[in-house]
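J.: My questions will all concern the structure given below.
Derivation of every value follows stated rules applied to the coordinates shown; laboratory data play no part. Owing to the predicted nature of the structure, the values given are computational and were not obtained by experimental measurement. For neighbour counting, all protein chains shown are included, and Cβ atoms are generated from backbone atoms with ideal geometry for every residue, glycine included.
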Amino acid sequence: ALALLEKLRESGIQAVGAMGTGSMRTQLEKASEFQVKYALLMGEVEVKEGNVIVRDMKVGTQESVPYDRVVEIMQERIGKEKVDVMEEEEISIDLK
């Protein structure tokens, strides 16, 4: 889950992790409070199968997707124009 969280952030997707804190229901309720659009769920079964559950919080639907396609799928759903990725020039300026 931590590796996925890092990949999402590196791709410009704003993501927050809630690993091991409270029940799944409690975590989903918290996500609703924060009005997140999507929740990514990874339990033991998903990890063993190499999948992640992508839940649309507004509609309440969810689907299981391959772990290695999660970033791509989330970029498509959110819209690549809405991700927050720094351009190479911005990175070099920040490092000075």
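J.: Give me the net charge for the shell around PRO66: Cβ to Cβ below 12 angstrom, other residues only, Lys and Arg +1, Asp and Glu -1.
T.: My count for the surroundings of PRO66 gives -4.
J.: Return the sequence-ordered ³J(HN,Hα) values of the range 24-29 in whole Hz as given by the Karplus equation 6.51 cos²θ - 1.76 cosθ + 1.60 applied to θ = phi - 60°, using x for Gly and Pro.
T.: Calculated HN-Hα couplings, in order: 4, 4, 4, 5, 5, 5 Hz.
J.: To continue, here is another question. Among residues other than ASN51 whose Cβ falls under 11 Å from its Cβ, what is the net charge (Lys/Arg +1, Asp/Glu -1)?
T.: -2
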